[in-house]
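Comments concern the structure below.
The values are calculated or read from the model by the stated rules, or taken from the named source; none is laboratory data. If you're wondering where the values come from, they're calculated on a predicted model, not measured in any experiment. So basically every Cβ, Gly included, is an ideal-geometry build from the backbone, and we count neighbours across all protein chains shown. To get the accessible areas, we keep the full protein, side chains included, count just its heavy atoms, and leave off ligands, DNA and RNA. Shrake-Rupley method; radii C 1.70, N 1.55, O 1.52, S 1.80 Å.
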Amino acid sequence: MSAYFKERLLFLLLQLMLMTILSGLLILFQVEIYWIGLMFLLWMVPLLFYMMLEYKKEQRFFTSLEELTESLEEKYLLPEVMEKSDLLAEKLFYDVLQDISRDMHEQVKHHREQGKEYREYIETWVHEIKTPMASIGLILENQDIPYKRTIMEEMKKIEDYVEEVLYYARSSHVEKDYIIRELSLEALVKKVVKRNASDFIRKGISLELYLSEDKVYSDSKWLEYILHQILSNALKYTQGKEGKIIISAEKRREQVVLSVKDTGIGILEKDLSRVTEKGFTGENGRVYHRSTGMGLYLVKKLSEQLGLGLEISSKNHQGTLVEILFPLGSYHNGI
């Protein structure tokens, strides 16, 4: 209310000035003070009453607008749901919002189309580049050349980076590209381990598997990528011949928990809460390896899209534990 009257202070001062001038003229004509005071009341009281009514109308309008905005998850839809007022100022305000909304929707549509075209180009590029990469791999396998093993290792890194680009491009639209089915964690884990077998052999890292026959419900392709990223990180940051990676699965209440534990360099406590942020590499990521900061970000994002939980715990130089939580109850109820 104070802000409302402050905005109209000049108008009120003008009214008081006119009232003062008129009172002075009436005094010159020897009009009694009683009648001057009565005239003042008849002037100011209706004016203040009208201003109070106007304040209440504006207050109701903007209060309802604020409550409506708070109730919307997508606040830019406000012009679509707000009611048009009969008051001129509010009607003009409504019309301006409608114009802004139409322009915004056109801009959003334009950018979505651009994003879709770019994503489709990236996906096409990834699929196209996989063909010459596969050809290079076959050529290397059938040739006895110097540094063959080193070249094969670098080719694997390129394949992983290319795959990372593909899954990043698709990560915002997982719901259009997944099929939830019953999966065997044991079969999936063994498939991902086999894919990374050369790294286990090259680095001399031992593997321990403790897998149950429990079934989970998820998309095999996306889950394989999530597990591959977690295992790749474990291999990357586990040093020395005494390194060990333990993969286990167990049922906890209404969940099956898939755990990947390594004996690697771990994560600093100050970095642990940020390891799933986009582009964050952390101190150990910068010191020991040139990390893109995208692996765990994609793991977190894709896990959320698939309705999976993700928990990461670690201590510096004492290894890292990553757990994927499959909520069996909710999947069973939905099937």
Show me 89-101, 70-82 ranked by packing, highest mean number of other Cβ atoms within 10 Å first.
89-101, 70-82
Taking a 31 Å limit on the Cα-Cα distance, which of the listed pairs 116/300; 116/194; 75/215 fall beyond it?
116/194; 75/215
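Given an 8 Å cut-off on Cα distances and at least 6 residues of separation, report the relative contact order of the stretch 181-335 as a percent. Mind dumping the intermediate values first?
Numbers: 284 pairs, mean separation 36.7, N = 155.
Answer for the stretch 181-335 is 24 percent.
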Could you state, as a whole-number percent, how many of the C-alpha pairs of the stretch 74-196 are farther apart than 16 Å?
78
Check residue 215: other-chain or 5+ apart residues with amide H under 5 Å from its amide H, H built from backbone geometry?
none
Rounded to whole Hz, the Karplus (6.51, -1.76, 1.60) HN-Hα couplings of the stretch 189-200, x for glycine and proline
4, 5, 5, 5, 4, 4, 5, 9, 4, 4, 5, 4
Entry for P(r) over Cα pairs in 10 Å bins from 0, in percent (calculated from the structure that is shown) out of [x] 5, 21, 27, 24, 13, 5, 2, 2, 1, 0, 0; [y] 6, 26, 35, 24, 8, 1, 0; [z] 4, 17, 20, 16, 10, 9, 7, 6, 5, 3, 1, 0, 0:
[z]
In nm², what is the average projected area of the convex hull enclosing the Cα atoms of the stretch 1-72?
5.3
With θ taken as phi - 60° and the coefficients 6.51, -1.76 and 1.60, list the Karplus ³J(HN,Hα) couplings across the stretch 113-128 in order, rounded to whole Hz; mark glycine and proline as x.
5, 4, x, 5, 4, 5, 5, 5, 5, 4, 4, 5, 4, 4, 5, 5
Across the stretch 236-242, in residue order, what do the Karplus-derived ³J(HN,Hα) couplings come to in whole Hz, using 6.51 cos²θ - 1.76 cosθ + 1.60 with θ = phi - 60° and x for Gly and Pro?
5, 9, 9, 10, x, 6, 8
How far, in nm, would the chain grow between residue 250 and residue 134 when pulled straight, counting 0.36 nm per residue and subtracting the alpha carbon separation?
38.1 nm
Radius ratio Rg over Rh of the stretch 134-190, counting only Cα atoms, Kirkwood formula for Rh
1.15
Between the alpha-carbon centers of the stretch 1-45 and the stretch 146-189, tell me the distance in whole angstrom.
80
For residue 205, list long-range residues whose amide hydrogen, built 1.01 Å from N in the peptide plane, is under 5 Å from its own amide hydrogen.
none
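Kindly work out what percent of the DSSP beta bridges joining two residues of the stretch 146-248 are antiparallel, to the nearest 5.
Numbers: 4 of 9 bridges.
Beta bridges within the stretch 146-248, antiparallel portion: roughly 45 percent.
Using alpha-carbon pairs under 8 Å, 6+ residues apart, how would you state the relative contact order of the chain in percent? Spell out each step's value before the answer.
On the way: 346 pairs, mean separation 38.2, N = 335.
11 percent.
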Amide hydrogen neighbours beyond the local backbone of residue 255, cut-off 5 Å, H modeled:
328
With a 10 Å radius around each residue's Cβ, average the other Cβ atoms per peptide and rank 259-269, 305-315, highest first.
259-269, 305-315
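Kindly provide the helix-only [θ] at 222 nm of the chain, computed as the sum of -39,500 (n - 2.57) over DSSP H runs of four or more divided by all residues, to the nearest 500 deg cm²/dmol?
Working: 13 runs with 210 residues, N = 335.
Calculated at 222 nm, the ellipticity per residue is -21000 deg cm²/dmol.
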For the residue pair residue 159 and residue 144, what label-to-label distance in nm results when each label sits 7 Å from Cα along the Cα-to-beta-carbon direction?
2.4
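Could you work out the relative contact order of the stretch 12-153, using alpha carbon pairs under 8 angstrom and six or more residues apart, expressed as a whole percent?
Details: 25 pairs, mean separation 13.0, N = 142.
Normalised by residue count, the contact order of the stretch 12-153 is 9 percent.
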With a 1.4 Å probe and every protein chain left in place, work out the accessible area per residue of the stretch 1-126 in Å², rounded to a whole number.
80
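Share of the stretch 221-332's accessible area from carbon and sulfur, percent, 1.4 Å? All intermediate terms of the calculation are to be shown ahead of the outcome.
Values: 2490 of 5260 Å².
The nonpolar share, carbon plus sulfur, comes to 47 percent.
How large a share of the accessible area of the stretch 1-147, in percent, is made up of carbon and sulfur atoms when the probe is 1.4 Å and the other protein chains stay in place? Intermediate values should be presented prior to the final figure.
Values: 7560 of 11790 Å².
Heavy-atom surface of the stretch 1-147 belonging to carbon and sulfur, 1.4 Å probe: 64 percent.
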